[in-house]
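The values are calculated or read from the model by the stated rules, or taken from the named source; none is laboratory data. All values reported here derive from a predicted model rather than from experimental measurement. Here Cβ is always computed from backbone atoms with ideal geometry, including for glycine, and neighbour counts include all displayed protein chains.
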Amino acid sequence: MEYFLTEQTIKILKQILQANSDYMYHQEDNLKQFSKVQSPNATLVMCCDSRAHTTSFTCNPENNFFIVRNIGNQYILNQGCVEFGVHVLKTPLLIFLGHTQCGAIKESMNNYSHLPSSIIREIDHLALSIKKSELHGDCEHKWASAVVNNVNQQVELALKDFGLLCLNKKLIVIGMVLDLDNSMGGGYGKISVININGETDLAKFTNYEGHA
Ligand SMILES: [Zn+2]
């Protein structure tokens, strides 16, 4: 091994540590409040994509979101982590947040056999969850529809395990999509709720307006 860092690496590390100094300065009082125990409001399953972040909906993710990330925001891949959030931390919300332009979703729709086996295993679950018969239109449209389709499937999978908690009003499972490319027409970065406890016709929720 060579003990040598590239200039680019040094620059990135410096940026990280400088940003951390700023963070410590501004957040010390906030962090002290929950330094011994966490009590998040939601278990959040989201994609690893570098363009999708909690900054799209909160300035204070600390102690608010117990976050599980994997490619394609999947339940099964990190079932234990999700169960930790729901059963141990008892978050009242379980959110699956998909996003448009999701590379994992795109791979799952095509031939991905050339990828390393460890990646194939993770995409296999996505390929199974996406109902391709429900996808219509050109490639871009099918891709965006598959993102929505996958979020709905993840909610369905989670409800198989958490349905009773939902029935007893201890948990609500929500499906959402972050629109990175404005393909849904609401603007770049718009988050839409598309599924609540397995229901996609949100007009049925008379006390939910939802259209921010
Ligand atoms: Zn993604």
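Observations
- Segment 39-91 - residue that is within 16 Å of the ligand (Cβ to nearest atom) and small (G, A, S) and, of those, nearest to G103 (Cα to Cα): G72
- Contact map, segment 69-87: residues that are closer than 20 Å to C166 by Cα paired with residues that are of a type in the set (F, W, Y) and within 16 Å of the ligand (Cβ to nearest atom), Cβ distance under 9 Å, separation 6+ or inter-chain. Pairs shown: Q74/F96; Y75/F96; V82/Y75.
- You will find that of K170, K190, the residue that is surrounded by 16 or more Cβ atoms within 10 Å (Cβ to Cβ), closer than 24 Å to T43 by Cα and either touching a Phe, Trp or Tyr at 6+ places or on another chain (Cβ under 9 Å) or modelled with pLDDT of 95 or more (or both) is K190 and no other.
- Residue among D161, D181 that is among the acidic types (D, E), at pLDDT 95 or above and part of a loop (DSSP other than H, G, I, E, B): D181
- Of all residues in segment 55-75, those being more than 22 Å from V147 (Cα to Cα) and of a type in the set (D, E, K, R) number 1.
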